[in-house]
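Structure, as structure tokens:
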Amino acid sequence: PNADPLTKVTIIPHGMAMGVTEQTPRDDHYTYTESYLKDRIKVMLGGRCAEKLVYGEVSTGAQNDLKEATTLVRRMIGQWGMSEKIGPMGLNIGEEHVFLGREMGQPREFSEKMAELIDAEIQSQLLSLEKATLDFLASHRDQLEALAKTVLKQETLSAEEIRDILEQMPKAPEPSKPIKSDLPDHG
């Protein structure tokens, strides 16, 4: 709910990407909340998670999304202090310098032990976000399949077309409540 609105989905390759999910921000952003960033990462993991759910394995197709998700989590933890385990530290992590090697351009300002903790936290957060994405897609499997079938046929879907497809889907039934019996309890 915190991610940017969907603009379109296409399976037409763009550069190295096998397809694209395009989103347009509602407003100009100068700062980002943790919930916004996590939802953004879930969108990045969506294709990979859909493969895992539908085919039982992943392909190399989500390489760029996975790299971007990892970079964003690394920055959340190291630069913006968005980790309870690491704490409010603003470290030079995730900043890339084009003309300088990483080690030459930025001496590390934290211990090897802290580097290991950061790596473990990055992995933990990515796995947690992947699980949340898998759970979401599994609970909306019918919608996922309907969208996949249509995008395979049409190659590109606008936000409006996606909305139309989702609105045509039957709503999930409400969970039934147990019926209270008037019979005496003989336990």
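The values are calculated or read from the model by the stated rules, or taken from the named source; none is laboratory data. Keep in mind it's a predicted model, so treat the numbers as computed, not measured. So basically every Cβ, Gly included, is an ideal-geometry build from the backbone, and we count neighbours across all protein chains shown.
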Discussion item. Which numbered condition in (1) assigned to a loop (DSSP other than H, G, I, E, B); (2) out of contact with any Asp or Glu (no Cβ under 9 Å at 6 or more places or on another chain) is the only one that Ala3 fails?
Written reply: (2)
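What do you reckon, is Leu137 over 23 Å from Lys38 (Cα atoms) and either small (Gly, Ala, Ser) or buried (at least 16 other Cβ atoms within 10 Å of the Cβ) (or both)? Outline the logic, then answer.
Working: over 23 Å from Lys38 (Cα atoms): no; either small (Gly, Ala, Ser) or buried (at least 16 other Cβ atoms within 10 Å of the Cβ) (or both): yes.
So Leu137 fails the test.
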Response to the item:
A careful count of residues in region 112-125 that are hydrophobic (A, V, I, L, M, F, W, C) and exposed (fewer than 12 other Cβ atoms within 10 Å of the Cβ) gives 0
Worksheet item: Which of (1) among the small types (Gly, Ala, Ser); (2) modelled with pLDDT of 85 or more; (3) surrounded by 14 or more Cβ atoms within 10 Å (Cβ to Cβ) does Ala17 not meet, given it meets every other one?
Response: (2)
Worksheet entry | Contacts under 6 angstrom Cβ, first residue in region 65-85 being under 14 Å from Ser124 (Cα atoms), partner of a type in the set (D, E, K, R) and at pLDDT 90 or above, 6 or more apart | Ile77/Glu121; Met82/Glu34; Ser83/Glu121; Lys85/Glu121
Discussion item. For region 23-37, check the following and say yes or no: at least one residue is in contact with a strand residue (DSSP E or B) (Cβ under 9 Å, 6 or more places away or on another chain), surrounded by fewer than 19 Cβ atoms within 10 Å (Cβ to Cβ), modelled with pLDDT under 90 and farther than 18 Å from Leu152 by Cβ.
Written reply: yes
Practice prompt. For region 67-111, enumerate the residues that are surrounded by fewer than 16 Cβ atoms within 10 Å (Cβ to Cβ), at pLDDT below 90 and assigned to a helix (DSSP H, G or I).
Written response: Arg102, Glu103, Met104, Gly105
Worksheet item: Given the conditions (1) at pLDDT below 90; (2) surrounded by 11 or more Cβ atoms within 10 Å (Cβ to Cβ); (3) out of contact with any strand residue (DSSP E or B) (no Cβ under 8 Å at 6 or more places or on another chain), and given that Leu45 satisfies all but one, which numbered condition is not satisfied?
Response: (1)
Response to the item:
Taking region 151-181 and keeping only residues that are modelled with pLDDT under 85, part of a helix (DSSP H, G or I), closer than 16 Å to Val20 by Cα and out of contact with any Ser or Thr (no Cβ under 7 Å at 6 or more places or on another chain), one is left with Val151, Leu152, Gln154, Ile162
